[in-house]
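The structure appears right after this line, and notes come after that.
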Amino acid sequence: MITLENIGIVFDAHTPDENRALKDINLKINKGDFITVIGSNGAGKSTLYDVIAGRKQPTSGRILLENDNGLPRNITNDPEYKRARYIGRIFQNPLLGTAGKMRLEDNMMICSKKGWKGLKISLNSKTRSYFRDQLRVLNMGLENRLNDNVNLLSGGQRQALTLLMAVMSKPALLLLDEHTAALDPANAKIVMDLTGKFAKDYGLTVMMVTHNMQHALDYGTRLLMMDAGEIILDITAGEKARLTMDDLVKRFREIKQHGIQNDQMLLQ
């Protein structure tokens, strides 16, 4: 569905501070994939997301989006606001995904207009009934708070609402950027369970960055490990189901050690 070909991005090029944040990334995101992405700080995870979402332009390579007719379209130079029509993104901060000074029903109205392209909808009793039905899935009582401003909700409630709104907007790809990291364990579990449910029920295509290795194993159908701007592991569903956290750590150490040995050979 979305293909990254030889994507590279360099910050502060040709200076002493030059940093190759992404190095010739080749990745095909298939329709229905639920990809978990792990890696240490500085591995390139957020930069990869910024490139996919259009927040940053790659220094090299191209990004292709498969149209409804199956033909690829080059979106490498499309800005973020254009890609927002088909790529959704949820950040770590629960305050970023909603308009706090607007009512809950107004927030949902905005995402519904995005999801129901070409259809005219209005805020009436039928629409409000639909919103309540959607909110009941969250099991947080928000279906009774349509007239409340969103800034009255807790962080967990806002992030769950952000996730629901993202699903309602029907994105071709949903990017989750450590979307539970700022939540307490109870709310993090609620949002993660909802993430798994929505991905399955709606057949979403999802990429989820997480520092929680257990989440990376328990959720999704595919796992990527990044290091130093490269994808060093791409594990599909069958193999992923058999892995443990110890296995992942071992694989990472083996790859790192192999890389060090190769670097030493080049220096000789």
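The values are calculated or read from the model by the stated rules, or taken from the named source; none is laboratory data. In this text the structure is predicted, and so the values were computed from the model without any measurement. Every residue, glycine among them, receives a Cβ derived from its backbone with ideal geometry; neighbour counts consider all protein chains shown. Calculation scope for accessible area: heavy atoms of the full protein, side chains included, ligands and nucleic acids excluded. Shrake-Rupley method; radii C 1.70, N 1.55, O 1.52, S 1.80 Å.
Please list, by residue number, everything in region 28-71 whose backbone N is under 14 Å from a paramagnetic label point 7 Å out along Cα→Cβ of Ala228. Taking a point 7 Å out along Cα→Cβ of Ala228, the residues of region 28-71 whose backbone N falls under 14 Å are 40, 42-44. DSSP bridge analysis restricted to the chain gives an antiparallel fraction near 60%, rounded to the nearest 5.
Students often get this wrong, so check it: of Lys31/Lys197; Lys28/Lys256; Lys23/Lys56; Lys31/Lys240, which have C-alpha atoms separated by over 21 Å? Over 21 Å Cα-Cα: Lys28/Lys256. On the beta carbon distance between Ser60 and Leu96, with R0 = 22 Å, the FRET formula returns roughly 0.15.
Rolling a 1.4 Å probe over the heavy atoms of the protein chains gives the chain an accessible area of 52 Å² per residue.
Label sites at Arg85 and Leu152, each approximated as a point 7 angstrom past Cα along Cα to Cβ, lie 3.6 nm apart.
Simple rule: put +1 on each Lys or Arg Cβ and -1 on each Asp or Glu Cβ in region 29-133, find the dipole, and look at Ser46, Gly100, Asn67; the Cα lying farthest toward the positive end is Gly100. When the trypsin sites (Lys or Arg not before Pro) in region 16-49 are filtered for DSSP coil states and for at most 10 other beta-carbon atoms within 10 Å of their beta-carbon, no site remains. Calculation over all alpha carbon pairs of region 188-256 in 10 angstrom steps from 0 returns a P(r) of 18, 52, 26, 5 percent.
Once backbone amide H atoms are built at 1.01 Å from N, Asp33 has Val206 as its partners under 5 Å, excluding neighbours fewer than 5 places away on the same chain.
Pairing the Cα long axis of helix 155-168 with the longest principal axis of the chain, what angle in degrees results, from 0 to 90 and rounded to the nearest 10? For helix 155-168, the angle is close to 90 degrees. Once you reduce region 189-210 and region 70-88 to the center of their Cα atoms, the two points are 22 Å from each other. Here the chain is assigned +1 on the Cβ of each Lys and Arg and -1 on the Cβ of each Asp and Glu. Its dipole about the Cα centre then comes out at about 1160 debye. With all protein chains present, how much of the accessible area of the chain (probe radius 1.4 Å) comes from carbon and sulfur, to the nearest whole percent? Looking at the chain in its full context, I get 49 percent from C and S.
From largest to smallest, the equivalent ellipsoid semi-axes obtained for region 1-155 from the alpha-carbon gyration tensor read 36, 20, 14 Å.
For region 189-254, the set of trypsin sites (Lys or Arg not before Pro) satisfying both a DSSP loop assignment and a count of at most 12 other C-beta atoms within 10 Å is given as Arg242.
Using the Cβ-Cβ distance between Tyr130 and Asp218 with R0 set to 25 Å, the FRET efficiency works out to roughly 0.20.
Principal-axis analysis of the Cα atoms of the chain puts helix 104-115 at an angle of about 60° to the longest axis.
The heavy atoms of His258 offer some 110 square angstrom of accessible surface to a 1.4 angstrom probe. Angle, helix 185-202 long axis vs. longest principal axis of the chain, Cα atoms, 0 to 90°, nearest 10? So the inclination is approximately 90 degrees. Fully extending the segment from Asn144 to Asp184 would add 12.0 nm, taking 0.36 nm per residue of separation and subtracting the current Cα-Cα distance.
Taking one quarter of the surface of the convex hull spanned by the alpha-carbon atoms of the chain gives a direction-averaged projected area of 16.5 nm². Amide H contacts under 5 Å for Ile90: Leu175, Leu176, Asp177, restricted to partners 5 or more places along the chain or on a different chain, H placed in the peptide plane at 1.01 Å from N.
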